[in-house]
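This report concerns only the one structure given below.
The values are calculated or read from the model by the stated rules, or taken from the named source; none is laboratory data. Here the structure is a predicted model, which means the values were calculated and not measured. A quick note on method: Cβ atoms are made from the backbone with ideal geometry, for glycine too, and the neighbour counts reach across all protein chains shown. Just so you know, the surface numbers come from the protein's heavy atoms only, side chains and all, with ligands and any DNA or RNA stripped out. Shrake-Rupley method; radii C 1.70, N 1.55, O 1.52, S 1.80 Å.
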Amino acid sequence: MFKKLSLFCLFTFILCQSVISQTLTVSEIMREPSIAGMRPDGERLSPDGQKIIFLWNAEGQEPKELYLWTQARGATKLLSPRDLLNPNQPTPSESKLNYGLTVRDDFAKARENQLNSFEWSPDSNRLLFVQNGDLYVLNIQTNERPKRLTKTQSPEFFARWLDHKRIIFLQSGNIFAIDTEQFSLIQLSREANPTAFISVGNVTPSKDGKMVAYTVSDSSRQRALVVPNYLDEFTSAPTFRRGWSEQRVFATPTDGSRDNPFEIKLPKSDGTSFFRVVKWAADNKSLILDRNDKDTKRRQLFYTHNAGSKAEKTILVTEETDEKWIAPLSSIIEPHPTDNSQILFASERDGFNHLYLATLERDKSTPNPTGEVRQENLTDAGFTEKVTIKQLTKGNFEINFANWREKREEIVFASTEKNTAEREFFTIHTQSGRKLEVPSGENGMKTDAQLVNSNDYTYLLFKGSKWNQPTELYLQRVCPECRGLNVEEKITNSTPESFKKIAWAEPKFIDIPSRDGKQIKSKYYLPNGFDKTKKYPMVVFVHGAGYLQNTINGWNNYFREFMFHHILTQKGYLVLDIDFRGSAGYGQAWRTDVYDFLGGKDYEDHLDAIDFMVKNYAVDANKVGVYGGSYGGFMAGMLVLRAPDKIAAAAALRPVFDWKNYYASSPVYTAQRLGFPDKNPEAYQRSSSITYADKLQKPLLILHGMVDDNVHVQDSVQMIEKLMRLEKTQYFEAMLYPAENHAFARPSSWTDEYQRILNLFEKHLKN
């Protein structure tokens with residue numbers, strides 16, 4: 001049905017031979033080009049479902065280039081970032097003092113001038129994209145050189161097509177619309193004021209392009225998070241403002257016919273609040289608004305009929321509270337494509353994230369005695385306050401994606417119904433409830449779905465992977481009733497053959513019982529030549545984010561850790577990886593069991609898992625190590641500090657050591673789990689690793705990027721100082737990475753970091 005893209009391994013013969021030998025080193029698994037190849041990303045499915053664009057590089061190196069896939073030609077390279085640069089630009093003269101660190105080296109240069117923010121035109125013939133903050137349009141049919149629309153000092157971003165010729169975008173904080181044929185420019189918003197910390201966001205054009213809604217955020221009460229950079233000749237101290245904002249919603253016509261926008265009138269929020277979703281209903285006149293307030297514990301879904309008109313009316317569609325915090329996945333909200341009375345939304349109200357259909361009751365026109373119709377819109381009398389809600393899916397599984405299949409009153413969704421470690425697509429009829437599984441060629445993780453409806457067909461573009469099969473792009477025409485037909489087709493084949501020839505350590509999936517009677521979804525890797533009559537050292541890996549799932553039959557950002565675990569098994573370690581309390585994929589109770597105590601039940605899950613492996617899998621109880629990054633670094637710290645009888649050594653990467661610091665960086669995430677520091681100081685104290693610094697008596701390795709603007713290096717610096725004052729020098733070592741943010745980028749940094757982790761385990765778990 002679809003032609004595949006063949007992407008060949010272009011690595012050197014020497015590299016391929018060294019990989020096939022399977023005796024891997026940390027340097028080999030961290031190098032660039034990666035032995036796993038480069039993953040295609042930035043993918044976009046055209047509105048007609050016939051074209052796909054994505055970013056990739058055949059040599060596995062930056063910069064990524066733009067590729068186009070069509071059924072007729074397969075995949076071809078369209079554009080390289082270098083194609084848009086001025087070849088006549090003079091080269092800066094070299095300084096005679098340039099003998100030290102070269103900040104802008106080849107690695108940095110390769111990541112400049114990237115192409116990004118691709119958007120298809122409604123006719124699927126042109127691509128809108130951004131390079132270096134300027135807008136370009138590329139005509140796919142003519143394949144001419146991209147047309148540059150802007151050349152400004154202030155960057156343009158969040159660009160979208162309004163119709164076949166008009167584009168909307170943000171510049172200097174405000175919204176503008178440009179006509180690509182008449183080259184006219186209209187400013188649509190004026191509320192943004194960077195000096196007063198007033199910003200415009202959630203920019204949402206209506207489907208017909210005639211209206212745009214947006215939020216205005218007052219962030220004047222936020223704090224400045226300073227992230228010093230020590231690499232240049234002079235130290236710089238850029239700031240990132242973090243905290244809560246006061247938000248309002250506005251709407252305005254995109255033709256510039258109004259100087260002042262309409263402010264959408266909603267009931268006053270209770271406590272801190274923010275809008276998760278702003279979308280237009282099918283009539284292009286009514287807004288659907290999803291707001292969180294009551295300190296993240298209440299969700300209200302509003303329908304504002306005829307937004308901005310004299311007949312504007314706001315209806316509360318649904319309201320729910322969670323005494324802990326509202327589920328992130330419940331932000332799945334999709335208006336019916338043609339019926340403005342129906343809204344698909346997700347909710348965790350029965351314990352798992354499921355789909356619900358809200359139907360508003362239509363009102364009747366009410367003439368007065370003179371016969372004059374009162375409503376402003378004669379063809380639409382609006383709605384009453386009555387809303388009927390129907391649950392569409394039910395069971396002990398989660399919905400991760402959902403959207404409408406047009407003209408069939410059906411929903412396409414992805415769920416964990418068959419296996420929590422995988423994702424499959426289904427359709428469900430909203431009236432009959434008939435559910436069908438979308439035919440699948442292979443099991444595994446299916447993520448990042450994009451759905452388009454074109455003519456009588458529905459197309460899905462998604463990323464598919466397995467534990468030993470890196471992510472590739474797949475395209476599928478949704479037709480579950482067509483048995484034997486329309487199975488997904490693999491569009492890319494970007495994994496080097498040398499990678500496929502390696503006999504990678506295979507994860508074994510297992511449920512481990514917890515002390516409170518629940519099952520911990522886990523996976524483990526056995527060492528080479530495993531003999532249950534012997535005793536083995538074990539390394540526990542703790543995934544990051546807290547709310548993330550890693551017990552999956554799939555590929556994710558932890559691919560380096562997967563290869564590192566292979567090295568560990570080659571060296572005689574057993575490796576354990578669990579989806580502890582708070583992890584995604586297992587429902588409301590599992591997600592919120594960490595509330596009020598980070599390092600409570602999630603910490604106990606790790607202790608229970610360690611005990612289980614010691615009892616059942618020949619693990620030496622005196623030789624257990626742990627490592628992880630971000631939330632995983634936090635947990636590694638908690639385990640080595642509070643459970644020295646269980647942990648022989650720990651490596652904490654970019655760790656949260658004090659949650660009051662992270663509240664300053666990411667207040668929503670932290671307040672969801674621990675409340676506010678001034679209102680719940682006890683929770684912050686018991687949840688922070690630094691509280692237990694005096695208990696350190698086993699080796700702790702601290703690793704942190706110095707320009708981390710997520711988990712600030714402040715956490716590690718404070719822990720280092722605390723440990724020194726406690727005279728714990730013999731128990732800890734630290735390494736700071738001056739060029740790295742939260743997610744490391746340079747292979748040299750990755751190699752240094754993981755070689756230190758390996759050395760730690762080799763020293764303390766083998767002897």
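What the table shows:
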quantity	calculated
Filter result (of a type outside the set (A, V, I, L, M, F, W, C), within 15 Å of Arg166 (Cβ to Cβ) and assigned to a loop (DSSP other than H, G, I, E, B)) within region 119-155	Ser121, Pro122, Asp123, Thr150
Members of region 527-549 that are in contact with a strand residue (DSSP E or B) (Cβ under 6 Å, 6 or more places away or on another chain) and either open to solvent by less than 60 Å² (accessible area, probe 1.4 Å) or closer than 30 Å to Gln672 by Cβ (or both)	Pro527, Tyr536, Pro537, Met538, Val539, Val540, Phe541, Val542, Gly544
Selected residue [open to solvent by less than 20 Å² (accessible area, probe 1.4 Å) and free of Cβ contacts under 8 Å to residues at least 60 places away in the same chain] from Leu127, Leu135	Leu135
Region 433-452: number of residues that are of a type in the set (S, T, N, Q) and free of Cβ contacts under 8 Å to residues at least 60 places away in the same chain	1
Residue match in region 435-444 (condition: touching a Gly at 6+ places or on another chain (Cβ under 9 Å) and hydrophobic (A, V, I, L, M, F, W, C))	no
Tally of residues being more than 24 Å from Glu32 (Cα to Cα) and over 29 Å from the mean Cα position of the chain (by Cα) across region 85-122	15
Spans of helices (runs of 4 or more DSSP H) in region 560-653 with at least 2 residues under 22 Å from the mean Cα position of the chain (by Cα)	588-592, 631-642
Within region 289-313, tally of residues that are over 17 Å from Tyr547 (Cβ atoms) and either open to solvent by 40 Å² or more (accessible area, probe 1.4 Å) or among the acidic types (Asp, Glu) (or both)	7
Every residue from region 255-288 that is farther than 30 Å from Glu406 by Cβ and either surrounded by 20 or more Cβ atoms within 10 Å (Cβ to Cβ) or touching a Gly at 6+ places or on another chain (Cβ under 7 Å) (or both)	Pro261, Ser273
Residue within region 624-637 that is surrounded by fewer than 22 Cβ atoms within 10 Å (Cβ to Cβ), in contact with a His (Cβ under 8 Å, 6 or more places away or on another chain) and in contact (Cβ under 8 Å) with a residue 40 or more places away in the chain present	no
Residue under evaluation Ala224, criteria (1) under 23 Å from Lys268 (Cα atoms); (2) open to solvent by 50 Å² or more (accessible area, probe 1.4 Å); (3) among the small types (Gly, Ala, Ser), criterion not met	(1)
Number of positions in region 679-700 that are open to solvent by less than 10 Å² (accessible area, probe 1.4 Å) and either more than 23 Å from Asp596 (Cβ to Cβ) or in a strand (DSSP E or B) (or both)	2
Condition met for Ala664 (surrounded by fewer than 24 Cβ atoms within 10 Å (Cβ to Cβ), small (Gly, Ala, Ser) and within 11 Å of Leu598 (Cα to Cα))	no
Qualifying residue in region 376-384 (condition: among the acidic types (Asp, Glu), surrounded by 11 or more Cβ atoms within 10 Å (Cβ to Cβ) and at pLDDT 95 or above)	no
Strands (runs of 3 or more DSSP E) wholly inside region 272-333 containing at least 3 residues that are over 29 Å from the mean Cα position of the chain (by Cα) and modelled with pLDDT of 95 or more	313-321
Exclusive hit being among the aliphatic types (A, V, I, L, M) and open to solvent by 20 Å² or more (accessible area, probe 1.4 Å), set Ala177, Ala196, Ala192	Ala196
Residue within region 239-255 that is farther than 30 Å from Gln672 by Cβ, among the charged types (D, E, K, R) and either under 26 Å from the mean Cα position of the chain (by Cα) or at pLDDT 95 or above (or both) present	yes
Which listed residue is open to solvent by 10 Å² or more (accessible area, probe 1.4 Å) and modelled with pLDDT under 95, from Glu422, Glu406	Glu406
Verdict on Thr204 being at pLDDT below 95 and crowded, with 17+ Cβ neighbours inside 10 Å	no
Number of positions in region 525-553 that are aromatic (Phe, Trp, Tyr) and without any contact (Cβ under 8 Å) to a residue 60 or more places away in the chain	1
Complete set of residues in region 314-351 that are of a type in the set (Asp, Glu) and surrounded by 20 or more Cβ atoms within 10 Å (Cβ to Cβ)	Asp322, Glu348
Qualifying positions in region 709-767 - in a helix (DSSP H, G or I), surrounded by 17 or more Cβ atoms within 10 Å (Cβ to Cβ) and β-branched (Val, Ile, Thr)	Ile720, Thr751, Ile757
Odd one out for Lys521 among (1) among the charged types (D, E, K, R); (2) farther than 28 Å from Gly42 by Cα; (3) in contact (Cβ under 8 Å) with a residue 12 or more places away in the chain; (4) surrounded by fewer than 18 Cβ atoms within 10 Å (Cβ to Cβ)	(4)
Any pair with Cβ under 9 angstrom, 6 or more apart, that starts in region 753-767 at a residue that is closer than 15 Å to Ile702 by Cβ and ends at one that is acidic (Asp, Glu) and assigned to a helix (DSSP H, G or I)	Tyr754/Glu561
